[in-house]
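Below you'll find the structure, written out as structure tokens, and then a few comments.
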């Protein structure tokens, strides 16, 4: 029945039980359409954990003229809080996005904070390392070109390229590490090891995910700088959850293929996430007729008899 259609009396043939499942872009946009507004809710919740980062910048700007030492101490403390909390909060968001990709229901607040608490230690370490590496990569990008110009040596661009390549590799590892944190019981060492391997095993897919993510960020930066500063207010509502959803959609099947499925195969079972049901040999009492029913035709309109 169409919500905005006047044709509310007709119905289709239904959906067949064994109908082929959508894959690729069709499935992605179908899932995105179903969960589009939920992504806004998740993004708002996730954005709350950026408050220490924002406060750090504001306080550093406001207090620098009054007491520079105090401003630096408070700002660094807030940055440390952010660096510790960003990992667990990312794990919480990833938990919800994984449920959406697997076409399962998710209670946003409950699932977010459950994953936040259960995976706090591993996720906090990974999040802290991400922040540390990001700072190092940014510093290398800023310092090496200046040194190359001052010293007149183009060789100093080599460590800059290496640092940027390291940053790219870490981003691709993040497509997998948080998913494995919330979906497996692997040790931190094995999480990092597997994430590093998967970043190269599916290099093409990972690079496509990265390019889409980069395009979204560049577009928002462009709109904010050259169109209107008001576009900065989009950040609390959309981009992080969408990027996480995209990464989960592209990366979780890879984890299933190389990590989860082999585990279940080693114990003689089938991964329950694949939706493969064990069918009994008994003849079913009822048969699912989805896709076999005849469409209900719309009743023809006609004039009734006038009663005088």
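Read-outs throughout are calculated quantities, based only on the coordinates presented, and are distinct from any laboratory measurement. Being a predicted model, the structure only gives us computed values, none of them experimental. Note that we place each Cβ from the backbone using ideal geometry, even for glycine, and neighbour counts take in every protein chain shown.
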Study note, to complete from the structure: Descending packing, highest mean Cβ count within 10 Å first, for 123-133, 153-163, 82-92, 262-272 is 82-92, 123-133, 153-163, 262-272
Practice item. Give me 258, 176, 226, 144 ranked fewest to most by other Cβ atoms within 10 Å of their Cβ, as a rough exposure proxy. Key: 226, 258, 144, 176
Study note, to complete from the structure: When 35, 205 are arranged by how many other beta-carbons sit within 10 Å of their Cβ, fewest first, they go 205, 35
Check your understanding: Tell me, Kirkwood radius of segment 24-269 from alpha-carbon pair distances, in Å?
Key -> 19.7 Å
Practice item. With a point put 7 Å past each Cα toward its Cβ, work out how far residue 55 is from residue 271 in nm, to one decimal. Key: 4.1 nm
Check your understanding: When N is the residue count of segment 29-130, what does its C-alpha Rg come to as a fraction of 2.2 N^0.38 Å?
Key -> 1.31
Check your understanding: Residues in segment 106-146 near a label at residue 185, defined as backbone nitrogen under 19 Å from the 7 Å Cα→Cβ point?
Key -> 115-123
Review point. Spin-label point model (7 Å from Cα, Cβ direction): what's the residue 237 to residue 142 distance in nm?
Key: 3.2 nm
Exercise for review: Using the number of other C-beta atoms within 10 angstrom as an exposure proxy, rank 204, 95, 257 with the fewest first.
Suggested key: 204, 257, 95
